[in-house]
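The values are calculated or read from the model by the stated rules, or taken from the named source; none is laboratory data. On a predicted model such as this, the values are computed, not experimentally measured, just so you know. As a convention, Cβ positions derive from the backbone with ideal geometry for all residues, glycine included, and neighbour counts pool all protein chains shown. Each accessible area value is taken on the protein alone, full model and side chains, heavy atoms only, with ligands, DNA and RNA left out. Shrake-Rupley method; radii C 1.70, N 1.55, O 1.52, S 1.80 Å.
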Amino acid sequence: MGISLGIIGYGSMGERHHKYAAQTRGVTVIGAYDADSARRDTANESGICVFGSLKALLGCREINTVLICAPAGVRSELCVAAAKAGKHVACAAPAAMSVWELDQMIAATGRSGRVLAVCQDHRRDRDFCTVKKLLNTGRLGEVYSIQVRLQGPGALPDRHRSAEGGVLYGWGIHVIDQLMWLLGYDDFASVFCRTCGTGEEYCFLAFNLESGGTVQIELDSRAPRLAPRWTVLGDRAAACLGGTAGEGRVTLLRPEDGDREPALPEPEETGDALAAYYENLREVIDGNETLAAQPWQARRVLKAAEAALQSAQTGRLVSLKG
């Protein structure tokens with residue numbers, strides 16, 4: 001069967017998805033709809049069909065899958081509408097602004113027997129995959145602290161800083177997904193969060209793990225880059241990876257190494273994340289694979305983000321259990 005794709009929201013994200021979807025075997029991009037006339041013109045220039053309304057796109061029988069790249073605040077209602085129209089749904093992350101909204105999406109696609117595929121493409125970021133590979137070697141021993149920092153305008157693109165929910169939902173949601181996928185969703189016990197101002201430009205989160213360790217995430221779109229992207233502390237060694245996503249090098253430090261830098265695993269080569277996303281979705285629709293990123297995983301991440309906002313508002317530690 002493959003994928004016959006219709007795109008809702010043809011901004012920079014929609015354009016990027018179009019590029020990689022069109023290059024994926026078994027995927028045909030049929031057309032797009034955007035409420036903004038300038039973006040409809042851009043879609044038209046790309047050579048695909050431009051629909052004059054959302055109803056027209058959802059009513060197109062040729063389309064079996066809808067990609068939702070509209071603003072996060074309206075993704076839930078668009079997903080429900082697409083599911084009611086009998087379409088599979090591919091959706092940018094965050095898929096919704098609350099667990100309740102995501103539950104409506106999961107229920108709607110479930111009732112129609114369709115797939116809901118949230119695009120958690122940052123699981124294939126080179127820096128994250130390099131850290132994951134290092135952890136899998138066991139060379140750090142028992143890891144008790146992981147710290148992730150994104151600092152400076154270059155680390156937080158405009159589309160993430162200006163997103164609804166500020167930097168927490170615009171970028172932090174992807175880091176939380178990386179860490180929960182890496183460490184285990186049930187290991188995250190509670191969260192403490194602080195923001196500055198409206199939370200648009202700065203957010204700090206500290207998670208307590210059931211296993212006894214801690215995870216810290218700091219997002220700051222204004223400060224200069226002062227710290228490594230990743231710092232991982234273990235009882236045998238510590239490691240840091242500098243630079244923004246996809247950049248930098250790993251430094252591994254152990255007391256017995258002195259000034260000598262030990263050999264490290266080569267940086268992970270991950271390929272293109274969006275190409276892999278569409279390949280997986282195609283195979284899921286054809287009944288050959290399961291989703292690489294499950295809706296329940298997106299739900300756990302959103303629950304953590306909601307708890308973080310509650311912590312920022314109350315000044316208290318908030319449980320992620322129950």
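Just so you know, in segment 24-52 the residues that are crowded, with 19+ Cβ neighbours inside 10 Å and touching a residue at least 60 places away in the same chain (Cβ under 8 Å) include one that is nearest to Ala70 (Cα to Cα), and it is Val27.
Just name the residue that is nearest to the chain's Cα centre (by Cα) out of those in segment 274-312 that are assigned to a loop (DSSP other than H, G, I, E, B) and in contact (Cβ under 8 Å) with a residue 12 or more places away in the chain.
Ala293
The number of residues in segment 1-22 that are surrounded by fewer than 16 Cβ atoms within 10 Å (Cβ to Cβ), among the polar types (S, T, N, Q) and more than 26 Å from Trp171 (Cβ to Cβ) comes to 0. Scanning segment 81-139 for residues being open to solvent by 30 Å² or more (accessible area, probe 1.4 Å), among the polar types (S, T, N, Q) and at pLDDT 95 or above gives a total of 2.
With respect to Arg299, determine if the residue is at pLDDT 95 or above and crowded, with 17+ Cβ neighbours inside 10 Å. Considered against the rule, which asks whether it is at pLDDT 95 or above and crowded, with 17+ Cβ neighbours inside 10 Å, Arg299 comes out as yes.
When segment 27-51 is filtered for residues that are within 27 Å of Glu283 (Cβ to Cβ) and not hydrophobic (A, V, I, L, M, F, W, C), the ones remaining, listed by number, are Thr28, Gly31, Tyr33, Ser46, Gly47.
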